[in-house]
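Accompanying notes for the structure given below.
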Amino acid sequence: MHEPPPKTGPSIHASAVKIGEQAVLIRGPSGAGKSRLALELILAGRSRQIPPAILVGDDRVRLDTRGEEVWVRPVEQMAGLIEIRGLGIRACDFADEARVGFVVDLMAEDAERLPSAEAMRTSIQGILLPRIPVGAAFAPFLLVAAALITAETSYSGNLSANCVKGIGNHISRTIATE
């Protein structure tokens, strides 16, 4: 069976890092810390705090849809380049493309201590994806690392069996803690 060609969208102002088999798409206004988060994820992957991580694109990326998946790839002219504040534009290893696993929105106005289920999803080109809204006063790396090492149900609004307060968002056991 032949797969239909991807639907290619325009480039967007975002960064992306492939972690394991999926990409984290990092969005936010200029100066929000997209490049910094991308570098933190790459370094955490190298130190084995998270699965191996490699840059897909920094500052501008292209999004494509294939079936019910969103794929990200670097803008050709910027492939393998990342801005490191204080050092300038640097070359680094990069992936040609990756399937987007979830989206991080930096400086999100809807970021909450206990976000609603609606705030934890976003639609890109008609495809619903998990989302992490990050407020201006919070370090995004901690949220992304927590999302990578905890079960999806721990942030989907499902209550864990030991939730005595009945408010949800409790961390469940995962393969990382078993």
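The values are calculated or read from the model by the stated rules, or taken from the named source; none is laboratory data. Nothing here was measured: the structure is a model prediction, and the numbers come from that model. Positions of Cβ are generated from backbone atoms using ideal geometry, with glycine treated the same way; all protein chains shown enter the neighbour counts.
Computed quantities for the displayed model
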quantity	calculated
Odd one out for SER35, checked against (1) of a type in the set (S, T, N, Q); (2) more than 21 Å from LEU87 (Cα to Cα); (3) touching a Lys or Arg at 6+ places or on another chain (Cβ under 8 Å)	(2)
From the options ARG90, ARG131, residue that is in contact with a helix residue (DSSP H, G or I) (Cβ under 9 Å, 6 or more places away or on another chain) and of a type in the set (Lys, Arg)	ARG131
Verdict on ARG46 being in contact with a strand residue (DSSP E or B) (Cβ under 8 Å, 6 or more places away or on another chain), in contact (Cβ under 8 Å) with a residue 60 or more places away in the chain and within 22 Å of ALA147 (Cβ to Cβ)	no
One residue from VAL144, VAL134 being buried (at least 18 other Cβ atoms within 10 Å of the Cβ), under 13 Å from the mean Cα position of the chain (by Cα) and at pLDDT 95 or above	VAL134
Cβ-Cβ under 7 Å pairs, at least 6 apart or on other chains, the stretch 125-137 side more than 13 Å from ARG27 (Cα to Cα), far side of a type in the set (Asp, Glu) and surrounded by fewer than 12 Cβ atoms within 10 Å (Cβ to Cβ)	ILE127/GLU68
Counted residues, the stretch 53-75 - those being over 17 Å from ILE124 (Cβ atoms) and under 13 Å from the mean Cα position of the chain (by Cα)	4
Members of the stretch 41-63 found to be in contact with a Ser or Thr (Cβ under 9 Å, 6 or more places away or on another chain) and surrounded by fewer than 18 Cβ atoms within 10 Å (Cβ to Cβ), listed by number	ARG60
Boolean, GLY31 is modelled with pLDDT under 95 and on the phi > 0 side of the Ramachandran plot	yes
